[in-house]
1. If V91 satisfies every condition in (1) within 16 Å of I128 (Cα to Cα); (2) out of contact with any Lys or Arg (no Cβ under 8 Å at 6 or more places or on another chain); (3) buried (at least 20 other Cβ atoms within 10 Å of the Cβ) but one, which is the exception?
2. Condition test on G20, is it more than 16 Å from the ligand (Cβ to nearest atom), among the small types (G, A, S) and either farther than 19 Å from Q90 by Cβ or touching a Phe, Trp or Tyr at 6+ places or on another chain (Cβ under 9 Å) (or both)?
3. Has region 177-187 got any residue that is within 16 Å of the ligand (Cβ to nearest atom) and in contact with a Pro (Cβ under 9 Å, 6 or more places away or on another chain)?
4. Going residue by residue through region 219-228, is there one that turns out to be touching a strand residue (DSSP E or B) at 6+ places or on another chain (Cβ under 7 Å) and more than 15 Å from the ligand (Cβ to nearest atom)?
5. Does region 155-166 contain any residue that is in contact with a helix residue (DSSP H, G or I) (Cβ under 7 Å, 6 or more places away or on another chain), loosely packed, with under 15 Cβ neighbours inside 10 Å, over 21 Å from P2 (Cβ atoms) and of a type outside the set (D, E)?
6. Count, please, the residues in region 1-36 that happen to be of a type in the set (G, A, S), without any contact (Cβ under 8 Å) to a residue 24 or more places away in the chain and either surrounded by 23 or more Cβ atoms within 10 Å (Cβ to Cβ) or outside any loop (DSSP other than H, G, I, E, B) (or both).
7. What residue, of E49, E76, E67, E71, is charged (D, E, K, R), within 16 Å of the ligand (Cβ to nearest atom) and crowded, with 22+ Cβ neighbours inside 10 Å?
8. Restricting attention to region 131-148, and to residues there that are among the β-branched types (V, I, T) and either away from the ligand (no atom under 14 Å from the Cβ) or farther than 14 Å from L188 by Cβ (or both), which single residue is surrounded by the fewest Cβ atoms within 10 Å (Cβ to Cβ)?
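Rule-based calculations on the coordinates, nothing more; no lab input. Please read these numbers as outputs of a predicted model, since none were measured by experiment. Cβ sites come from the backbone with ideal geometry, for glycine too, and all protein chains shown count toward neighbours.
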Amino acid sequence: MPTKLSVNINKIATLRNSRGGDNPSVLQAAIDCQLFGADGITVHPRPDERHIRYSDVREIKPIITTEFNIEGNPLEDKFVALVLETLPAQVTLVPDDPGQLTSNHGWDTIKKKDYLRDIIAVFKKAGIRVSIFVDPVEAMVAGAADTGTDRVELYTEAYAKNFHSDKQAAIADYIKAAKVAAEKGLGLNAGHDLDLHNLKYFAQNIPGLLEVSIGHALISDALYYGLENAVQMYKGKLG
Ligand code: PXP
């Protein structure tokens, strides 16, 4: 099975919010990304709603024909309530601070084991698949297996950063982390800073990679290639 592409549409909301109004429409972008071949739509509402708004999430849910993935920090009660209300296919739990520019680290699955186990149980009881964001560290992936999560999402910023200087070295920790995930029976997702240059090598070398979620680079590429071409080009990198 080729790795699924979930398109993160937060950047569409950033552009929209810069002018007020509804141009470009995030709802239309979600509809179109699916038409153009995306296997899923990802949104990451932040507590201050500086890009995707909570109302966007509610509006988008009914038009989803693929898989809806909502990312966020469950420390925010209103995030938990939104996920339980909208019932996406997957929730990805991320330990980001409220004002953080973008996610910049994974969970400490050992220190936060009890907390994660409790909150993951809440989502799983509602029938939502759970993924947790982790650094490519074997102990963190092994720790994730004790939290009851279905999947882990490997944080790929370090891979992307080092890809051009030494791709084999850049991916080494991810291969080890993926092996632990497979041994522990965890599904594997990945995301952050994946782009048209580094995606194919990652997908080809990480066995069992189920899904990537990509926002910044894909939406930036859409400025040059158009959204339909950009989605297709990323899909093409996944086999
Ligand atoms: N995964 C997580 C947990 C994220 O926070 C983000 C960025 O919102 C992404 C994936 C997508 O990263 P990028 O926008 O760099 O493709």
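1. (2)
2. yes
3. Yes, region 177-187 contains at least one residue that is within 16 Å of the ligand (Cβ to nearest atom) and in contact with a Pro (Cβ under 9 Å, 6 or more places away or on another chain).
4. No.
5. no
6. Here the count works out to 0.
7. E71
8. V137
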